[in-house]
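> My questions will all concern the structure given below.
The values are calculated or read from the model by the stated rules, or taken from the named source; none is laboratory data. All values reported here derive from a predicted model rather than from experimental measurement. So basically every Cβ, Gly included, is an ideal-geometry build from the backbone, and we count neighbours across all protein chains shown.
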């Protein structure tokens, strides 16, 4: 399959891996969902997991469900770009689909934490565009977690403590967006994506385009 092309000029480009991270309640998942709905060039990375499949889940669409042994084989053969253990189950990003998407000029979206982002940078640094979403204040973050009415006070307190630990890693990201207004924050993410798609090193087709310009007789 050929790489995707720039609108209007047919210039081949390499895909990008967009990483969105934030503390719980800062709006990362909402921005990711909106981006997938609005920008059809993006596809969501489907993770590998050892967690048992729920009745409503489809293997290959929601997750790639693997046994512990299958997961260990993938991990030991460097077939995973990043992995982590969460509540006794393993989650990971498979390498092959991401590398294929980059070569074909397709963009992938990763809704992951700072630890996963660190591992991805180690494996695919040139393809990563990372954005950290910050809340406007810790007071507002607590209010958002409370308004969701999903967690007890003790859980909210834990999430706020974890948020401070996560925010300490903000300097490791390429861009930082402060989500005070969701629509504005989303537009800022869109602007970052538009600029990154135009980067010279992501557009190998520019060599042919410029060569054609230089050979053009006028």
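> Looking at (1) loosely packed, with under 11 Cβ neighbours inside 10 Å; (2) at pLDDT 95 or above; (3) closer than 21 Å to residue 99 by Cβ, can you tell me which one residue 1 breaks?
(2)
> Could you look through the range 201-218, keep only residues that are surrounded by fewer than 11 Cβ atoms within 10 Å (Cβ to Cβ) and more than 21 Å from the chain's Cα centre (by Cα), and pick out the one that is farthest from residue 14 (Cα to Cα)?
218
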